[in-house]
1. What number of residues in segment 60-75 are within 15 Å of Thr138 (Cβ to Cβ) and within 8 Å of the chain's Cα centre (by Cα)?
2. Pairs under 7 Å by beta carbon, first residue surrounded by 15 or more Cβ atoms within 10 Å (Cβ to Cβ) in segment 89-109, partner at pLDDT below 90 and hydroxyl-bearing (Ser, Thr, Tyr), six or more apart or different chains?
3. Within segment 112-141, can you find the residues that are assigned to a loop (DSSP other than H, G, I, E, B), closer than 13 Å to Pro95 by Cα and modelled with pLDDT of 90 or more?
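The values are calculated or read from the model by the stated rules, or taken from the named source; none is laboratory data. Everything quoted here is computed from the prediction, not taken from an experiment. Here the Cβ is made from the backbone with ideal geometry for all residues, glycine too, and neighbour counts use every protein chain on show.
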Amino acid sequence: MITARILGRTRIGVLVRNGHRVCDACLISGLFYTSARHSPGERVMATDLSFVEFISEQAALGARISHKKMFGEYAIYVDTKMVGLACDNSLFVKPAAMTSDLTAGFPVRAPYPGGKPHPVVDELLDEPDRLRQLLLATAACMPEPKLRAPKKTTKSKRSVSTTV
């Protein structure tokens, strides 16, 4: 039987199956298997906001770079286009054919269990110019975000009857 529980006072969601633990992203997304990244007894921590702010500071793109929190990790955006993920305090850049020369030589692994492999470019955090160049090149080859349809409002089906 699969049980989900919260450990102590931390915000770590845990899926327990056969004595193995799976991170909260796996729990929420429904990936009910143990990842090779998380061994039994290992504490699974989310990315620190200070790490994401450091990425933004190093890239020096000002208001062009932003981030959104998703399942304890962060998505990194440049000009409203998602260019990477900050997971487990590592920077993963979206893979693209046009940026393969800029990401050559970097390790490639999945940012979360079941995810597609992304280049891990933590080494570029010490080289702001190359980091900025990679993020801008990745944004240039990403498609524009799709516009969401406005939410439909539901009208009440109650009818008001008046008696005269």
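1. Adding up the residues that qualify gives 1.
2. Cβ pairs passing all conditions: Asn89/Thr47; Val93/Thr103.
3. Lys116, Pro117, Val121
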